[in-house]
Amino acid sequence: MPQFPPLPSSPVEPAASPAPAGDLPVWDLDDLYKGMDAPELKADLSSAAADASIFAAEWRGKLAGLAVDAKGGDEIARAMRAYEALQDKLGRIISYAGLVYATDNTNPANAKFYGDMQERVTTISTDLLFFTLELNRLDDEAMAAALTSPTLAHYAPWLRDLRTMRPYQLSDEIETLLHEKSVSGRGAWNRLYDETLSRLTFQIDNGDQPLEAALSRLSDREPARRQAAAHALSKVFAENVGTFALVTNTLAKDKEIEDRWRKFEDIADSRHIANCVEAPVVAALVDAVQKSYPQLSHRYYAMKAKWLGLDKLEYWDRNAPLPDADDAQIPWAQARETVLSAYRGFTPRMAEIAQQFFDKGWIDAPLRPGKATGAFAHPTVPSAHPYVLVNYQGKTRDVMTLAHELGHGVHQVLAARQGALMADTPLTLAETASVFGEMLTFRKLLADTTDPRRRKAMIAGKVEDMLNTVVRQIAFYTFERRIHTARREGELTAAEIGKIWMEVQGESLGPAIHLGEGYETYWCYISHFIHAPFYVYAYAFGDCLVNSLYAVYAQASDGFAERYLEMLKAGGTLRHKELLAPFGLDASDPVFWDKGLSVIRGLIDELEDME
């Protein structure tokens, strides 16, 4: 089923400008349900509960006796189809509830509805939990015998991924307990975090601003306004840091307990398994990025300080616009055409799919109180369609965020043909489609710009986005590893968490940025740390992979678009090695990551040559 709360997908940080950018679309969730009290929703809840009970009565305890030959495999496949249909129905319910909640999570009715649906779906799905547990109890020989059934073989990729958790599976009773307690445990702490964050307001310009608008001021052209926003953020974060430290400590301990019971060796093993990526591949990525800090972030921010006439950047200057950056407001209609034109230039099919998001009410764009921060694309379920949430403020970065999320959306539409069990793509590869969408849009914008100063500002902006996607996210991953490791020795104070944050940020950003007082609390608003521990390296994985993919495209574009779309259509059926083979790429090759990082180095070289 889809994950909720939805993860902010784009690592690109908010652009400055709370001004309106034309009429902005609000999504229409009627394709899921007409409302929180829709008869169709009540009917789906009732039928899902009944069908789950029937499913359990028919199949519980039967799988081992069937996994002997192709005929038995056909029967297991019949069960798989029923299980998949239930997953689609339950996924539709929780997707709708989550999107309503993301629309305004400070609305008590929305919060109650989301909480109630979480509880109902968790209760219903408890009747289905036995199915995956029993499948994993089948030994390899029995599973191989069952998979001689062509019908069951259709689900072989899903069964392959399911069985990666086989060594870590607990008894049925403990798995059921963990499943049922997720609502009152991890899920409740997630909700506390989200609702606390959404209720924060920041005193800026004699008015209360929500988080998204306050963060956007860190990209304001005026240094005094950036500094005022930074201090307002610091003040409110400090006032609430006790709550955020409690949530962080509790969830880190919760994860440590479950990891210990499952006998995971490393604190990030569960994430690597979910991402279908080998730990040495991630370690090679992290090592390559960390070794590149001096040539990437350290070098770039030293140049930026010089461009701004400063000896050092303050932390609120990190995303400051360059003197020649274009401040023009980009209307929504222009943003739409920019992205669609870039996609169309790659392949008309990509633009046709993205067009639907604009035409059919699948995008929610305006800033408003209580709305989820950041941006995301949520796939919902294959029987429906994805939805995109952005907080559009009319700057180039907002256009890039739109391109990023629509890249996800196109991917999700194409992968839906794989069905409810195999449409979802591991996060590392899911970020590939989004970052590729960004790259297409950036290249389109750059090609349309002839003024040398504007081109320099655009390249610098792209470098900053890449640093936020690669260097910043690997620093986040490093921070998480240090927090979770330290938490195993005891609870961490807010000051101790802040100390680790400052050390890791200093290492990654370099000596050209002064991380002054107040910045030690800025870990508070990074929701990935709460919702999905160790998710963040997927951004760096995707960016480096896309850089390598785009180089292949630039060198030989014939047939590339077709191969790319086939890769997206595969959904979760193929691993990264199989997906990248048609492009002559291999993420397990130690030099692979340096190829991707060399693209960022090359852009920084180009900026140095312009001086």
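Computed quantities for the displayed model
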{"item": "Any hit, region 326-348, residues being under 26 Å from ALA420 (Cβ atoms), in contact with a helix residue (DSSP H, G or I) (Cβ under 6 Å, 6 or more places away or on another chain) and not in a loop (DSSP other than H, G, I, E, B)", "result": "no"}
{"item": "Among (1) open to solvent by less than 30 Å² (accessible area, probe 1.4 Å); (2) at pLDDT 95 or above - the single one TYR168 does not satisfy", "result": "(1)"}
{"item": "Selection status of ALA232, in contact with a strand residue (DSSP E or B) (Cβ under 6 Å, 6 or more places away or on another chain), part of a helix (DSSP H, G or I) and among the aliphatic types (A, V, I, L, M)", "result": "yes"}
{"item": "Test set (1) more than 29 Å from LEU603 (Cα to Cα); (2) surrounded by fewer than 21 Cβ atoms within 10 Å (Cβ to Cβ); (3) touching a residue at least 12 places away in the same chain (Cβ under 8 Å) - THR521 fails condition number", "result": "(2)"}
{"item": "Residues being touching a Phe, Trp or Tyr at 6+ places or on another chain (Cβ under 8 Å) and among the small types (Gly, Ala, Ser) - total across region 214-223", "result": "1"}
{"item": "Boolean, ALA279 is under 22 Å from the mean Cα position of the chain (by Cα), free of Cβ contacts under 8 Å to residues at least 60 places away in the same chain and surrounded by fewer than 18 Cβ atoms within 10 Å (Cβ to Cβ)", "result": "yes"}
{"item": "Test result for GLY490, crowded, with 16+ Cβ neighbours inside 10 Å, modelled with pLDDT of 95 or more and not hydrophobic (A, V, I, L, M, F, W, C)", "result": "no"}
{"item": "Qualifying residue in region 5-27 (condition: modelled with pLDDT of 95 or more and not in a loop (DSSP other than H, G, I, E, B))", "result": "no"}
{"item": "Tally, over region 374-423, of residues that are among the acidic types (Asp, Glu) and at pLDDT below 95", "result": "1"}
{"item": "Whichever residue in region 282-306 is surrounded by fewer than 18 Cβ atoms within 10 Å (Cβ to Cβ) and polar (S, T, N, Q) and, among such residues, is farthest from VAL599 (Cα to Cα)", "result": "GLN290"}
{"item": "Per-region count, region 203-261, residues surrounded by 15 or more Cβ atoms within 10 Å (Cβ to Cβ), without any contact (Cβ under 8 Å) to a residue 40 or more places away in the chain, among the small types (Gly, Ala, Ser) and farther than 22 Å from LEU313 by Cα", "result": "0"}
{"item": "Subset of region 424-478 that is open to solvent by less than 20 Å² (accessible area, probe 1.4 Å) and outside any helix (DSSP H, G or I) - its residue that is modelled with the lowest pLDDT", "result": "PRO426"}
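Rundown of residues vs (1) closer than 24 Å to LEU162 by Cβ; (2) touching a helix residue (DSSP H, G or I) at 6+ places or on another chain (Cβ under 8 Å), yes/no style:
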| position | (1), (2) |
| --- | --- |
| PHE560 | no, yes |
| LEU568 | yes, yes |
| GLY572 | yes, yes |
| LEU580 | yes, yes |
| VAL591 | no, no |
| GLY596 | no, yes |
| VAL599 | no, yes |
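The values are calculated or read from the model by the stated rules, or taken from the named source; none is laboratory data. In this text the structure is predicted, and so the values were computed from the model without any measurement. With ideal geometry, Cβ positions are generated from the backbone for all residues, glycine too; neighbour counts draw on all protein chains shown. These accessible areas exclude ligands, DNA and RNA; they are computed on the full protein's heavy atoms, side chains included. Shrake-Rupley method; radii C 1.70, N 1.55, O 1.52, S 1.80 Å.
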